[in-house]
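The values are calculated or read from the model by the stated rules, or taken from the named source; none is laboratory data. Small disclaimer: the values here were computed from a predicted structure and weren't measured. As a convention, Cβ positions derive from the backbone with ideal geometry for all residues, glycine included, and neighbour counts pool all protein chains shown. With ligands, DNA and RNA removed, areas are computed over all heavy atoms of the protein, side chains included. Shrake-Rupley method; radii C 1.70, N 1.55, O 1.52, S 1.80 Å.
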Amino acid sequence: MFKKLNLFLFVTVFFTTMCYSQRYKILEGKFENLSTNNSFKVEFNYAKIQVHGFDSEEDFLKEKMEKRKANPEKAENFRKNWFSYREKYYNPAFISFFNTYFKKGECKIVDDSPYLMKVNLTWIYPGYAIEPAKLSATIDFVDTINSKKLLVVHFDKVIGFEKNVVVVPNESDRVVGAFERLAKNLAIQLKRIYK
């Protein structure tokens, strides 16, 4: 009886987590608008990102730097890394996971294409200790030749992959997991149109 209850709870939590982490809403267009376009260049936009629990990204950085004020170099490195890790880790993780998901090359992110995938990050929870990071993003797909939006889809509070069950040593690993999950959630929806 106890084993069945544990199994039931595990399955319930697993499927609830999976469904929660795949929430999306189409704001404009439809996925089928992309069916004839299988390669996209990508841009990442962090201009309007909000950090969970803070009025602004700057407030978040001030608090994190204040906690590290005993070591000014460590404080400044935190701020520098917060921005540099975007190009160094987060954006490449999204691209790599997305392209790897399409094993047969049905869809891919490339360096040059008339079709743009613009990933607008809107919200982040960087995670804590063993808790995974979470992201929200609005992704615009644009035909740049005709200046036409083909699809605008919003993914809400995507829960990142857990990199290490015991302890994730740093924030960047947790955030990478959220970018990978965002890529996967998008790829799952696109896979349906690239059969």
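Of note:
- Residue check for residue 171: free of Cβ contacts under 8 Å to residues at least 40 places away in the same chain, within 23 Å of residue 85 (Cα to Cα), of a type outside the set (A, V, I, L, M, F, W, C) and touching a helix residue (DSSP H, G or I) at 6+ places or on another chain (Cβ under 9 Å): no
- Of the criteria (1) at pLDDT 95 or above; (2) open to solvent by less than 20 Å² (accessible area, probe 1.4 Å); (3) in contact with a helix residue (DSSP H, G or I) (Cβ under 6 Å, 6 or more places away or on another chain), which one residue 143 fails: (3)
- Every residue from the range 27-71 that is within 22 Å of the chain's Cα centre (by Cα) and among the aliphatic types (A, V, I, L, M): 27, 34, 42, 47, 49, 51, 61
- Failed criterion for residue 118 (all others in (1) in a helix (DSSP H, G or I); (2) of a type in the set (Lys, Arg); (3) surrounded by 17 or more Cβ atoms within 10 Å (Cβ to Cβ) hold): (1)
- Per the listing 158, 152, the residue uniquely modelled with pLDDT of 95 or more, β-branched (Val, Ile, Thr), in contact with a strand residue (DSSP E or B) (Cβ under 6 Å, 6 or more places away or on another chain) and surrounded by fewer than 22 Cβ atoms within 10 Å (Cβ to Cβ) is 152.
- Summed over the range 36-74, residues that are under 28 Å from residue 152 (Cα atoms), open to solvent by 60 Å² or more (accessible area, probe 1.4 Å) and modelled with pLDDT under 95 total 2.
- Residue count, the range 75-96 (criterion: open to solvent by 60 Å² or more (accessible area, probe 1.4 Å) and either of a type in the set (Phe, Trp, Tyr) or under 11 Å from the mean Cα position of the chain (by Cα) (or both)): 2
- Test: residue 75 is out of contact with any strand residue (DSSP E or B) (no Cβ under 9 Å at 6 or more places or on another chain) and not in a helix (DSSP H, G or I): no
- Unmet requirement for residue 145, which otherwise passes all of (1) of a type in the set (Val, Ile, Thr); (2) without any contact (Cβ under 8 Å) to a residue 12 or more places away in the chain; (3) in a loop (DSSP other than H, G, I, E, B): (2)
- Condition check for residue 100: surrounded by fewer than 16 Cβ atoms within 10 Å (Cβ to Cβ) and either in contact with a Leu (Cβ under 9 Å, 6 or more places away or on another chain) or in a loop (DSSP other than H, G, I, E, B) (or both): no
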